Amino acid sequence: MPLARHLTACCTLSLVALSAAPACAGDWVSYRDAYRAMVVFEKYGGPKNFLQSHLQVAPQDRSASIDGLQLTLAGKTNQVNLPLDPLGRTPFPLLKGAYDENVALLLSRKIGSFAVRPRVSIAPQSDGVYEDGELRAACEQALGFARYGDGSLRTRQCGGVRFVFAKRAAEAGVRVHRPDGSDASLPIAPAVAFPGDADDSFPTVLYRFAGNERVQVVTAYPPLAIVPLFE
């Protein structure tokens, strides 16, 4: 079984085994399960300077909201809250002490309504300006990592990137700036942030790679995520 699928299967089995836990308390996926999934990115030796890695808590269907959802790392002596962004992601702390203790990951809602997944995306730029060449390189890095875990992706190619924005219409917008000074706005459409997500109502903008024109992609507001598109 390819590594990425194996990790997903491990997390899924943990969720199934714990599906009878109380709605607002109890063990969820163990820290070791999550650690083993997340450390793959840290140990990956390929280029990844354009990438970032998160643990995502994702609703299994659209009826389960992440609004107010809390994820807690609970050890014997202390608890650490892991803040979730609007996509349910959090930077996951890789702590040897927590691994040795196999601390609990607690979720504040019914655990059967949510899945846990490693998510790799393209790191955003603070100025909102992205060179076409850098986006292409970032997508290739993400594809290289994906192929490292799943050999079936070796026939896929990078087709572009998806900018995902918060659910506020005024905060979504991407334009393409060309060397001659002309600009063109790209269309906004509701979609999922990541493949397999249940919520398809996030404002997204798709930028497709075409030709070798040296253009800049400029975001009006910071995106929640920049997701590589493999085709």
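For region 42-140, what D do you get in µm² per second when you plug the Kirkwood radius from alpha-carbon pairs into Stokes-Einstein at 25 °C and 0.890 mPa s?
Working: Rh = 15.7 Å.
Rounded to a whole number, D works out at 157 µm²/s.
Be a star and scan region 88-110 for residues whose amide nitrogen sits under 20 Å from the point 7 Å along the Cα-to-Cβ vector of Gln70.
Answer for this model: 88-93, 103-110.
Would you calculate the separation in nanometres between label points at Val39 and Thr155, each defined as 7 Å from the Cα along the Cα-to-beta-carbon direction?
Output for this residue pair reads 3.5 nm.
Looking only at Pro190, Pro118, Pro203, which one moves most when the chain is put into a Gaussian network model with springs between Cα atoms under 10 Å?
Pro190
If you fit an axis through the alpha-carbon atoms of helix 132-149 and take the longest principal axis of the Cα set of the chain, what angle between them do you get, 0 to 90°, nearest 10?
Compared with the principal axis, the helix lies near 30 degrees.
Just to check I understand the Karplus step: with θ = phi - 60° and J = 6.51 cos²θ - 1.76 cosθ + 1.60, what whole-Hz values come out for region 193-204, glycine and proline as x?
Result, ordered by residue: 6, 10, x, x, 5, 8, 7, 9, 10, 7, x, 10 Hz.
Given labels modelled 7 Å from the Cα in the Cβ direction, how far is it in nm from Val80 to Gln125?
Between Val80 and Gln125, the simple spin-label model gives 3.2 nm.
With point charges of +1 on the Cβ of Lys and Arg and -1 on the Cβ of Asp and Glu, referenced to the Cα centre of the chain, which listed residue (Leu87, Ala170, Ala74) lies farthest in the positive direction of the dipole?
The one lying farthest along the dipole's positive direction is Ala74.
For Asp200 and Gln216, calculate 0.36 nm times their separation in residues minus their Cα-Cα distance, and state this gained length in nm to one decimal.
Values: separation 16, 0.36 × 16 = 5.76 nm, distance 2.72 nm.
In short, 3.0 nm is gained.
For His177 and Ser108, calculate 0.36 nm times their separation in residues minus their Cα-Cα distance, and state this gained length in nm to one decimal.
Working: separation 69, 0.36 × 69 = 24.84 nm, distance 4.41 nm.
Gain on extension, His177 to Ser108, equals 20.4 nm.
Leaving out same-chain residues fewer than 8 places away, which lysines sit with a Cα under 26 Å from that of Lys43?
Lys43 reaches Lys96.
With +1 on each Lys and Arg Cβ and -1 on each Asp and Glu Cβ, and nothing else charged, work out how big the dipole of region 30-106 is about its Cα centre, in Debye to the nearest 20. Please report the intermediate quantities before stating the final value.
Values: 8 positive and 7 negative charges, 45 e Å.
My answer is approximately 220 debye.
When only the heavy atoms of the protein chains count and the probe is 1.4 Å, how do Leu106, Leu135 rank by accessible area, highest first? Before the final figure, lay out the partial values.
Values: Leu106 45, Leu135 5 Å².
Ranked list, largest accessible area first: Leu106, Leu135.
For the chain, find the longest principal axis of its Cα atoms and tell me its angle to the long axis of helix 31-43, 0 to 90°, nearest 10.
Here the helix axis deviates by roughly 30 degrees.
Let's see if you can work this out: charge +1 on each Lys and Arg Cβ, -1 on each Asp and Glu Cβ, no other charges. What is the dipole magnitude of the chain about its Cα centre, in debye to the nearest 20?
Details: 24 positive and 22 negative charges, 95 e Å.
The calculated dipole for the chain is roughly 460 debye.
As I understand it, the value is the acute angle between the Cα axis of helix 3-17 and the longest principal axis of the Cα atoms of the chain; what does it come to in degrees, rounded to 10?
The helix 3-17 is inclined about 40 degrees to the chain.
Hey, what did the chain get for relative contact order, percent, Cα under 8 Å, at least 6 apart?
Values: 456 pairs, mean separation 54.6, N = 231.
Relative contact order here is 24 percent.
The values are calculated or read from the model by the stated rules, or taken from the named source; none is laboratory data. Fair warning: this is a prediction, and the values are worked out from it, not measured in the lab. Positions of Cβ are backbone-derived with ideal geometry, glycine not excepted, and every protein chain shown enters the neighbour counts. All accessible areas refer to the heavy atoms of the entire protein, side chains included, with ligands and DNA or RNA removed. Shrake-Rupley method; radii C 1.70, N 1.55, O 1.52, S 1.80 Å.
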